Structures are given as structure tokens and as C-alpha cells.
Amino acid sequence: MSDQKLYPVIPAIAASAHIDTDRYHEMYRRSIDDPEAFWSEQAEQFLDWERRWDSVLAHDYPRGEIQWFIGGKLNVTVNCLDRHLATRGDQIAIIWEGDDPSHHSTLTYRELHRQVCKFANVMKSQGVGKGDRVCIYLPMIAEAAVVILACARIGAIHSIVFGGFSADALRDRILDADCRFLICADESYRGGKIVHSKLNVDKAAKQCPNLRTVVVIKHTGHDIPWSNGRDVCYHEAMQSADETCEPELMDAEDPLFILYTSGSTGLPKGVLHTTGGYLLYAAMTHKYVFDYREGDVYWCTADIGWITGHSYVLYGPLCNGATTLMFEGVPTYPEPDRFWQVIDKHRGNIFYTAPTAIRALMAQGDAYVQRTGRDSLRVLGSVGEPINPEAWEWYYRVVGDQRCPVVDTWWQTETGGILITPLPGATALKPGSATLPFFGIQPAILDPEGHPLDGEAEGILVLTFPWPGQARSVYGDHQRFVDTYFSKFPGYYFAGDGARRDADGYYWITGRIDDVLNVSGHRLGTAEIESALVLHDQVAEAAVVGFPHPIKGQGIYAYVTLNVGVEGNETLKAELKNLVREEVSAIALPDAIQWSPGLPKTRSGKIMRRILRKIAANEFSDLGDTSTLADPAVVEQLVANRQHPS
Ligand code: WTA
């Protein structure tokens, strides 16, 4: 498909960009030919170190061992805050835009630094220190940046749990990392509705005996239950806190954070990222992928509960001294022009969002976009799932007025930062392709037996060589890290995605090849949803698959086998949905539930998800070979009873 529509680099963008086409190729070559020299230079250029590293890289992929800048010492907040004070203390670091369009505020670098130091002292006075895990369960409010950075200031490891996750999901994450200290808000707003954050914490805390302290940030200000002795008011604690706090000296390989993400099996994994390599990679990709320039207003719409929020709302931009916008709301509230209104209001130059949002807004028609100016925009970005060419074209043509390159960035929680992406001034674009590898990134495509394929090829996407932003472990379970990412194809990092490389060497991500779903850009494991469904005492078995959904990318389709003698009905469906909402999150609710007296299984008892996916997708003509099934008649029955997703 190299004959796909090609958009050449926009000359006006290339003329002033950090990286043009020649420079991309030259730097890329060098990053591959001499990675240690290349990454040394970048680490010097992008970060301030207290002590220089002794060696750049040591790795052993089959054992999942990766170390960068060994012996180097630094503190993340010195890089994100202190070093900016002399030159940009009064520059705005964070623009906060509330769910309600009349709410917004700003924090300068000086003010952010002051608040981070204060909260770091609050944590210290509560006994939190280096290496302790701190759970953060917050909406998109500016204080989230304060408490996250305060953890990094004192070397505590943050574990941010997306504010949309349920009390039970929160509990699992608190327990897994043994967090004893948690920060939440009283409540938050989302699209005009209230989210009861503190109530969820109270519920989770009942089953977390080690959780000693809950710091509550007042956001809505409504009355909430209070647990004396455990709960601490953020604002009162901040009032008396000291404004100076020496940064903890961290080793390059000391943990910075844990972030839970879904995989094919079991409970979500606590992906562990470390200090030096992660920060370098976040900062460098932020600068080059978005062609970030001094003075730009940069806006990534991701929630801080996801990796995109970590790397591209906070760490990357702040390390580069940028003005970063944090948005509490949703794209369609109060009206579907909200994104464009916010861009005009704050004169946003760079805008980074997810395909699901683009598709949802595209469906509302062009008029909502066209009634706004958007003339400040220079670069548009996309992340989280494959962007279909139609949505890409709309983003480019209608939102960007054909002036702004669209960078379709492929990466993962585990990769820490963007791996495959265009660079605005360097890469000709093909709608739907994440294009070319970033500096230092060596993708390969394997056949199912693990043989690398040359030239034009389609298969399994792996990375052959480490990069500094790569995850280092799964918290508390290194073997799981090895098993998940390094065992299937020894010598490679296995990403879990399929990809195609075209004649121009461009990569086209074809989606997950495992049982991970991508629903509205949210990563969910089918196993998590299935475990929630089987908790119901009338359910014998459940199998969950994804199906193509016009707005969400993927929808969720659940096949549920009830206990013998139980009749499926709407009440039971509602109960099952409720279970999923309580166990996982409202984002994991099935779009369809089909009562399935039998599931297609091999004779050894393995559910054949391939067939379930086809039925959910309404593709009955090509169900493939069903002869290996224990009971082929099951398939006909499932086809006859397919549900129309809501
Ligand atoms: C998918 C989000 C196609 C992919 C940063 C990956 C994408 C998973 C893209 C990681 C893209 C992310 N094109 N697919 N540009 N970006 N994905 O961990 O399947 O939430 O494995 O990280 O999202 O999701 P995660």
C-alpha cells in the first residue's frame, strides 16, 4: 500500500522545525550505529545530572534486564522545576481548564515549584520517604501535578490510578503495590456530572488494612464523610508546610513510578519506570515529535491516569520548560466544539488527542469546528489506537485547515514514550500510518515462528534494541515482566501489536494480537471483564471479545453461559453490567451480552476466541475451520442468536 495517499512535508513547517528530513536520517543512522554515544549526547543535552553516569547501557533481554546511565544521579523535579526558575520562573507552567468553561487557572514555574516543595514536606511529615509507594487517585486538577512531582521530589514511587476506575479496581492497585499513603479529591466533575472520588476511596480502604493516610483535596467543596485519624485535609496541611525541600538524590535506575496496565491474562500489571532514562526519553520525544518550541502552548488531552498523561501532560513538557494545559472535561461538554474553544481561548499551538475523540467530533459535523478560529495551531497529534484514514483526513483538513501535520504516534505504557511516529518537519505523511521509528528505535516484523521478515511484510511487531524510556519491570513480579515481553520471541521486546511495513519502510499498526481491547483509547483486558462477569452466582462462564465500533474503535461483546436452569433476562443483564462497573470501571461496560448455552471450545477445552470475534463482528461468512471444535453445533447456535450491540 505504498501507493497510499502521501502528504509531503509542509514547507513552512520544515523551514523552522528542529528536525528536517535530512537531519532525521542522519540522526537516526547515528542512533543505530553508535547508540551509546548518541544517548550520551542526548542525556547531556536534555537533563541536568548531579553525577555523570559511569556507563550508558547494560541489557540482557532474555532476562528482562535493562539499565541506562548506570551510576548517574539526578532528581526529576530539579529538571522539571528548579533549573527553570532562573530563566522562566514567571512563565506559566500549567494552564488548568475546568470541566465548566468558566473555570480556569494558571500556575507559574515558581509557584508550581513552591507548592511541590510544600507538599513534599507534608508527605515527609507523614512519614513518606524514598521508595515508598504513594497512590494518587485524582481528577485532572492542577494539584495533581503538584502531588505527582512532590513524590518525585522525595523519591517516593507514585502509582496513579485513573479517576474513572471503580473502588474495587482501586483496592486491587493499592494492595498490589502496598500503598500506605493516598491522595484523592473530594469529588470531581466530568461533563457536568459529579464523580464521587472520596466515596470510592472509603470503600476501597475498607479492604486495605495498611492504608494509613488519605490526603483529600477539596475540589467541589461538597460535604463528604471524614475519617478522623486517617484523613488529612490537603489545604490545611499545605498552609503550615515549609517552602523549602531539598531534592532527594536519585539513581538513574531508581523507580519513578508504577502504572497499572491491562494484559492478556490476570490482573493488570504494575509497569515500573525508572528515573533517568524515562525522563530523557519523555523530554526528547516531546521536543522532537511535536516540534515543541519556546513559548508554545502545548495541550495533550490525556488523563494523568494513563501513560500519555504521565509522559506528555507532565514529565516531557515540564522537563522542556513548556506551558502545558491540563483539561478536566470531555470533548463534547458543554458542546462538541469544546476542544476548539479551549484552543482559541488559550492560543494552543500543539494539540495531542485520541482517534476516538476525533471520530466522535467528526460525527457531529464540521460546523462546530468551523465556528472557531484555531489559527494558533501548528501541530496535531494522535495516540492510543490506530487512526482510520477517514478520521485522519478530517483531523488534517477540518481541524488543522491543511496547515498542520498530524503525527500519529505509536507507543505503549511499557515503552514510556513514543516509538514510531512522524516528525512534523521531516516525515511525509500517510493517513493511517504511524510512519517511521524515532531515534534509537529498531522495530522488526516477525512471522509467527519468530523469524524476522525483510522489506514489505506483515506480522508481529517487536523491538530489537532497548531505548531509555523502556519499562524495567513489573512491580513485585519480575518474572511476569520476562514472561510477558521477553519470552515469546527471545532476544526481542514483544509489544503485543501486529504491524505491516510498506515499500517505503512505513509502519502500519494493525492492532493487538492478544486479548487486550482498546475501547475509546482505553486499554482493557478481556480477562478482567470476564472475571467480573463470573462473580455473579448465576454465571457459569464468560468470554469477552472486541468488535469494530465506529466511534470507540472497539466495542465490548460478552458471551455469557448461565448456570443450568437459569433463564437470561434484562434484569440479569443489568446486574452483570453493574458488576463490571463495580469491579472494573464504567469504561468496561459490554455493548452486548449474548446468552450462550455453549462456547466454541477445542477438545482440550480452550475457547476459540477467533470464532467469537467473527460472530461479534457480524462476519459469519468466514468462520474458518470449525472442525477441531468439541461441538461444532455450538457455533450455529451462537450465530443464530447474535445480539445487536447497543
Ligand atoms: C495501541 C497508550 C495504533 C496499541 C500510549 C498499543 C496504537 C496500545 C497507537 C498501548 C497508534 C497506541 N496506532 N495503535 N498510534 N498508539 N496504540 O498502554 O495497540 O494505553 O499496544 O498506551 O495502544 O496502549 P497504552
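Only the coordinates and a few stated rules stand behind these numbers; no lab work does. Note that the structure is a prediction, hence the values are computed from the model and not measured. Here the Cβ is made from the backbone with ideal geometry for all residues, glycine too, and neighbour counts use every protein chain on show.
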Subject >> Karplus-derived 3J(HN,Hα), 6.51/-1.76/1.60, for each residue of the range 52-58, Hz, glycine and proline x >> reply: 6, 5, 8, 9, 7, 8, 9
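Using per-residue counts of other Cβ atoms within 10 Å, averaged over each peptide, order 285-293, 312-320 from highest down. Don't skip to the end; give the middle numbers.
Details: 285-293: 24.2, 312-320: 27.3.
Highest-to-lowest ranking by the protection proxy: 312-320, 285-293.
When you count, for each residue, the other Cβ atoms within 10 Å and take the mean per peptide, how do 14-20, 236-242 rank with the highest first?
Working: 14-20: 17.0, 236-242: 13.6.
Most protected by this proxy first, the peptides run 14-20, 236-242.
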Original post:
If the cut-off is 19 Å between C-alpha atoms, which lysines fall inside it for K287, apart from same-chain ones fewer than 8 positions away?
Top reply: none
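Return the subset of K552/K601; K203/K577; K218/K269; K118/K345; K430/K488; K118/K218 for which the Cα-Cα distance in this structure is over 22 Å, preserving the input order.
Working: K552/K601 29 Å; K203/K577 19 Å; K218/K269 30 Å; K118/K345 31 Å; K430/K488 31 Å; K118/K218 17 Å.
Flagged as over cut-off: K552/K601; K218/K269; K118/K345; K430/K488.
With N set to the number of residues, divide the alpha-carbon radius of gyration of the range 1-116 by 2.2 N^0.38 Å and report two decimals. Spell out each step's value before the answer.
Values: Rg = 20.4 Å, N = 116, 2.2 N^0.38 = 13.4 Å.
Dividing the Cα Rg of the range 1-116 by 2.2 N^0.38 Å gives 1.52.
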**OP:** Taking a cut-off of 12 Å between Cα atoms, list the aspartates and glutamates near K130, but don't count ones fewer than 8 places away on the same chain.
**Re:** E248, D251, D254
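From the helices alone, meaning DSSP H stretches of at least four residues, give me the mean residue ellipticity at 222 nm for the chain, per-run term -39500 (n - 2.57), in deg cm²/dmol to the nearest 500. Write down the numbers at each step before the final one.
Working: 20 runs with 179 residues, N = 646.
Value at 222 nm, helices only: -8000 deg cm²/dmol.
Compute the orientation-averaged projected area for the range 513-641 from the convex hull of its Cα atoms and round it to one decimal in nm².
Numbers: hull surface 31.7 nm².
Directional mean of the projected Cα hull area for the range 513-641 stands at 7.9 nm².
So how do 563-576, 295-308 stack up, highest first, on mean other-Cβ count within 10 Å? Don't skip to the answer; put the middle values down first.
Values: 563-576: 12.4, 295-308: 22.6.
Highest to lowest by the protection proxy: 295-308, 563-576.
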Original post:
Which percent, nearest 5, of DSSP beta bridges in the chain are antiparallel?
Top reply: 60 percent
**OP:** Sort by residue number and report every cysteine in the chain with no other cysteine beta carbon within a distance under 4.7 Å.
**Re:** C80, C151, C184, C208, C233, C300, C319, C404
**OP:** State which helices in the chain qualify, where a helix is a whole DSSP H run, it must extend 15 Å or more along its own axis by its Cα atoms, and its mean Kyte-Doolittle hydropathy must be at least 1.0.
**Re:** 142-154
**OP:** Quick one: which residues, 5 or more positions from L562 or on another chain, have an amide H under 5 Å from its amide H? H modelled 1.01 Å from N in the peptide plane, none for Pro or chain starts.
**Re:** A540, S596
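Would you please calculate the Kirkwood hydrodynamic radius of the chain over all C-alpha pairs and express it in Å, rounded to one decimal? Write down the numbers at each step before the final one.
Working: mean 1/r = 0.0393 Å⁻¹.
In the chain this quantity evaluates to 25.4 Å.
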